[in-house]
Each structure stands twice: as structure tokens, then as C-alpha cells.
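The values are calculated or read from the model by the stated rules, or taken from the named source; none is laboratory data. Values in this document were obtained by computation on a predicted structure and should not be read as measured data. Here the Cβ positions follow ideal geometry from the backbone for every residue, glycine too, while neighbour counts run over all protein chains shown.
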Ligand SMILES: [Fe+2]
């Protein structure tokens, strides 16, 4: 073999007579298609003139001629003479983007740089170097796409044929070959190549669409969560309208409860939900008269019974919530006055029967109430409030929550 690399072999160009093609006929009877689907589509029609298949592509709703004749084909052969006759054959079929090589190394390099759609390997007597080139050619399509290789050979032995096919040849023809058969094999291999390109393009389009839709869904979910959180805050603000001090209390309790939730090892999402839901723990007080809420002295037993109803009223306000956040808020509203020893209200639950978020809220709520002035009491010093919390461990409060509360920065909570 020589080291010659011929960009193209000068040969007489085929001049096809201009007559209406099937494509022209179809275009005349079919208006330009406007597909609702943005993805490219391929429609295969039978060409009655030569019995072969004619590819027609629909892209952006417009019918396009097949890409057959645009195929880039590399011809690799023993001599310039053998390649010349093959080139002439392909040009007579309308193929014009042809490159020729008579040396294995140059042929593989050309395949890597030019990215052909088809390789025709024409070896009169397949030798070891020629067969090894087959596997290198197959690997040269490093874009992961199928590169068809047609092998022509004068060696009819099973050994050579099977070896060629195992090394990457997609089709095998014996010399002397029938020119029409070569043309049909080339067309079929190119069709396989086009189908794979179409599939790859469609997959790429689908992946891009999937990424786009996924981002859109994530954006909508994020907006929905923000809307939920905002509505919770506005609901809490509505409940605070008749007592601004209650508003400060609910926000401080939300912060303390979230720190406690973090301290007992809850996940970030649960911590966030408790922080958002905690300010609604007394939402039921929206139905309690101001003369009770703002009464400077102690409540009578009847007034106290009425005050206790704020737990059930709050739970009714938040009932049947679909969102996790609303369900957490409902549990906190209903159970935040339950006691670890079962002496609380409204249901007298004890220990783990009380939802964890309500047990957390109870400690945060009482600490804040003790350390701030109310119409009926003065503000306790932090150490006295902490002592009271410790005293109520395993009575009013969950001992584990009290232990976690002990470690919090109490000065920052008041
Ligand atoms: Fe309460």
C-alpha cells in the first residue's frame, strides 16, 4: 500500500435527466405540513421507480428531500484504480461527498476528523492490517453513533467473511460485485445511519424537554411552598390583630420550637415546618372574647373552660389540610396543652401519645410565657423560668425535650 490520501478521484460527473421525481409529485399534491409536534419526524415512502426506499423528512412541519445524497462516504481500497471505479459507481448514484484513501492509518485518521456516514472497505485480498483497520474504523465514530462499514472482497472464504463481520463490518459483498447491489446496500446502510441519527436527535430533544419540564415542576413546587408559608404567616397575623403582644409571643415560640426540633435531631424539612406552624398554635384564640384574653386578673373556672376551647377551635380552623405544613400546624394547635403525665387538655393524652411537635411546642410556649409579662403576671427571670421547666420535666413536659432545651442559648430566646 502507498501512503497516498486522495481527497477525491477526478471522474466524470453523472448528469441525471431532469424529470419530475416522486418528491416533486408529493410536494405538488401535499401542502407544507405544520406539525404540532416540534420534534423531527421521519416518514418512509416506497419509491415506485426503482423499488428502493426514499426517505422524506418532516422538520418543523416542512417536507424535506432525503439526506441520502448528502452522505459523507470514505472509500478505502488497495489501489487508486479500484477506488476509481467504485467512485464512479457512487457518483452515478448521485453521491458527491466522497473521500478516498489507500492506506490504513490515513483512512482511520480521516474517519476521525471528517466523521463519515459510511465507510466502504474494498480489499481484493483482506490482510491482517486491513482487517485490523475495521475495528479502528468502528471506534473512530467516537460520538457514540453507529458508523456503517461495507466490506467488498475477492476472498469468499467463511473465515475472512466472519472475521470481517466480527470486527465491525456491517455488510459484506464479494467481488466481482453487481453495481446495482452495491448501490442498494449503500442505501440500506445509510438508512440505518439516518435512523440512528434521528433516534439520537429525538432522544436529545426528549431529554431537553424532560429537563425543561422538571425545572418547571420544581419551580412550581417551590412557588407552592412559598405560597403555603406566606398564607400561614398571614393567618397568624390575622390572629394577632387584637393583641400585638401575642404576635411577638408566637414568633418567639416559633424560633424556640425550631431550635428545639433541631436539637432533638429532626430533619431540616421538619424543623422548617415546625418553625412555620408554631406561630399558629393559638390560632383558636381568634374565637375567644377580648375581655378574656386581655383580662388583667385570674380567670374564673367558667372563663378558664372557655379559654381551653382555643385548642379545638384552632384544630377546626386547620382541619382537613392536604399540605404537610397545615397538618403539622393542626396537631400543634390541638395538642400543645397536653401534659406528659396525662393531666393536660383537651384530650388528656400522655407521653408519646402526644405528637412530638406538640411536645416541643409546649416547652417553648411555657418558657416564653414565663419570661414575659402578661396582664395577670410579671415576667420571670430566665433562671427561675428554667427551674420551673426542669421541675415540670416528666410531669408537664417530655423529659427528653427538657434535656434538649437545657442546652439552648436561653438569652437569645427572650
Ligand atoms: Fe395555647
### Message
Just the residues that are within 23 Å of residue 90 (Cα to Cα) and in a loop (DSSP other than H, G, I, E, B), please, taken from the range 146-176.
### Response
146, 147, 148, 154, 155, 168, 169, 170, 175, 176
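A quick yes/no check of all residues on (1) within 16 Å of the ligand (Cβ to nearest atom); (2) surrounded by 14 or more Cβ atoms within 10 Å (Cβ to Cβ); (3) on the phi > 0 side of the Ramachandran plot; (4) part of a helix (DSSP H, G or I):
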| position | (1), (2), (3), (4) |
| --- | --- |
| 337 | yes, yes, no, no |
| 340 | no, yes, no, no |
| 344 | yes, yes, no, no |
| 357 | yes, yes, no, yes |
| 372 | yes, yes, no, no |
| 384 | no, no, no, yes |
| 387 | no, no, no, yes |
| 405 | no, yes, no, yes |
### Query
Is it true that some residue in the range 272-287 is crowded, with 16+ Cβ neighbours inside 10 Å, free of Cβ contacts under 8 Å to residues at least 40 places away in the same chain, more than 16 Å from the ligand (Cβ to nearest atom) and over 26 Å from residue 377 (Cα atoms)?
yes
## Note on the structure
Taking the range 69-121 and keeping only residues that are outside any helix (DSSP H, G or I), out of contact with any helix residue (DSSP H, G or I) (no Cβ under 9 Å at 6 or more places or on another chain) and crowded, with 16+ Cβ neighbours inside 10 Å, one is left with 103
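Within the range 234-271, restricting attention to residues that are surrounded by 15 or more Cβ atoms within 10 Å (Cβ to Cβ) and more than 21 Å from residue 363 (Cβ to Cβ), which residue is modelled with the lowest pLDDT? Walk me through it before giving the result.
In the first step, residues of the range 234-271 are kept if they are surrounded by 15 or more Cβ atoms within 10 Å (Cβ to Cβ); the result is 235-236, 239-240, 243, 246-247, 249-264, 266, 270-271.
Subset that is more than 21 Å from residue 363 (Cβ to Cβ): 235, 239-240, 243.
Numbers: 235: 84, 239: 75, 240: 71, 243: 67.
Once the filter is applied, the top-ranked residue is 243.
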### Task
Would you mind telling me which numbered condition in (1) surrounded by fewer than 23 Cβ atoms within 10 Å (Cβ to Cβ); (2) under 14 Å from residue 250 (Cβ atoms) residue 332 fails?
(1)
### Query
Looking at this structure, is residue 255 away from the ligand (no atom under 15 Å from the Cβ) and not assigned by TED's automatic domain parsing to the domain that holds residue 369?
no
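Which is at pLDDT below 85 and closer than 30 Å to residue 325 by Cα, of 141, 229? Don't jump to the end; show me each part of the working.
On the way: 141 fails: closer than 30 Å to residue 325 by Cα.
The conditions single out 229.
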#### Entry: Cβ pairs under 7 Å, 6+ apart, first in the range 320-343 and under 23 Å from residue 230 (Cα atoms) and not assigned by TED's automatic domain parsing to the domain that holds residue 361, second at pLDDT 95 or above and within 16 Å of the ligand (Cβ to nearest atom)
none
### Summary
Picking from 90, 150, 98, the residue that is over 45 Å from the mean Cα position of the chain (by Cα) and at pLDDT 90 or above would be 90
### Query
Which of the residues that make up the range 177-190 are out of contact with any helix residue (DSSP H, G or I) (no Cβ under 8 Å at 6 or more places or on another chain) and in a helix (DSSP H, G or I)?
180, 181, 184, 185, 188, 189
